[in-house]
Amino acid sequence: MSDELERRLREPAAGITELDVERLRSRLARAAADAGLLDVAYGEHDSPLGPLTLFVTSRGVLRISYPGEPVDDQVAEVAAVISPRVLHAPERTDAIRRQLDEYFAGSRRTFDIAVDWRLIRGFAGDVLRATARIPFGSVTTYRDVAAEAGSPNAYRAAGNALGSNPIPIVVPCHRVLHSGGGLGGYAGGLERKQRLLELEGVLPR
């Protein structure tokens, strides 16, 4: 396909607005879901930490990503690992969006939405399940999380698992610090980690 032809195919037809396109996408997503052809839905959500991209399945929330990670790359990964039947269907993410809003507003301390763990494998899964049990307003260390996951000396591997956490905030890797009290790392950037800990009262604002 020539570059010119591809450009023309991507251009909206005259008189069709972005709202029209979004309504069409929404109708197609509903029809696909009704027909059992939608396995993964995703949508965007504005948050105090910047726009988030949310992926959900019938099992629960699958992925939450911060800005800077190309959505096309995420869709490709989800399609390869979970199912190629992935559609932009923001209304299907309403439950997690509502709970995130409540969390950022200070009215929610625990997420009661189910988690779909299928993007996580092996020891990383053990680490992140242990991390999911850390209560709101509490912190632990990389070494302690590794111990909870069954390998107390594998704290570096635990750090790698936390750094690749596909479901930040809900699986609260921001609550894991260095044993000396330092913030450690965070895939979303240390400024976001600090803001989450401030929100939970761990750090002074």
Checklist entry - So between ALA80 and ASP46, what do we pick up on full extension, going 0.36 nm a residue minus the alpha carbon distance? => result 9.6 nm
Checklist entry - ASP94: accessible area at probe 1.4 Å, nearest 10 Å²? => result 70
Checklist outcome for this item: Between the modelled labels at HIS88 and ALA132 (7 Å from Cα along Cα→Cβ) the distance in nm is 2.9
Item to check | Cleavage-rule hits (trypsin sites (Lys or Arg not before Pro)) in the range 120-166: DSSP loop, at most 16 neighbouring Cβ within 10 angstrom | outcome: ARG121, ARG133
Checklist entry - Taking the Cα-to-Cβ direction at GLN194 and at ASN160 and moving 7 Å from each Cα, how far apart do the two end points lie in nm? => result 2.9
Next on the checklist: What does the net charge come to around LEU177 if you take all other residues with beta carbon closer than 11 Å to its beta carbon, with K and R at +1 and D and E at -1?
Outcome noted: +2
Item to check | Phi to ³J(HN,Hα) by Karplus 6.51 cos²θ - 1.76 cosθ + 1.60 over the range 168-184, Hz, x for Gly, Pro | outcome: x, 6, 5, 9, x, 5, 5, 8, 10, 10, 5, 4, x, x, x, 5, x
Checklist entry - How large is the accessible surface per residue of the range 120-199, computed with a 1.4 Å probe and reported in Å² as a whole number? => result 45
Checklist outcome for this item: Within the under-12-Å Cβ sphere about VAL127, not counting VAL127, Lys/Arg +1 and Asp/Glu -1 give a net charge of +2
Next on the checklist: Taking 0.36 nm per residue of sequence separation and subtracting the Cα-Cα distance, how much length would be gained by fully extending the chain between VAL202 and SER179, in nm to one decimal?
Outcome noted: 6.8 nm
Checklist outcome for this item: Yeah, the range 53-141 with a ≥ b ≥ c from its alpha-carbon gyration tensor (a/c under 1.5 is rounded, else prolate when a/b outruns b/c, oblate otherwise) is oblate
Checklist entry - What net charge do the residues around PHE104 carry, taking every other residue with its C-beta under 13 Å from that of PHE104, with Lys and Arg at +1 and Asp and Glu at -1? => result +1
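The values are calculated or read from the model by the stated rules, or taken from the named source; none is laboratory data. Everything numeric in this text was worked out from a predicted model, so none of it was measured. Note that each Cβ is placed from the backbone with ideal geometry, even for glycine, and that neighbours are counted across all protein chains shown. Protein only, heavy atoms only, side chains kept; ligands, DNA and RNA dropped before computing areas. Shrake-Rupley method; radii C 1.70, N 1.55, O 1.52, S 1.80 Å.
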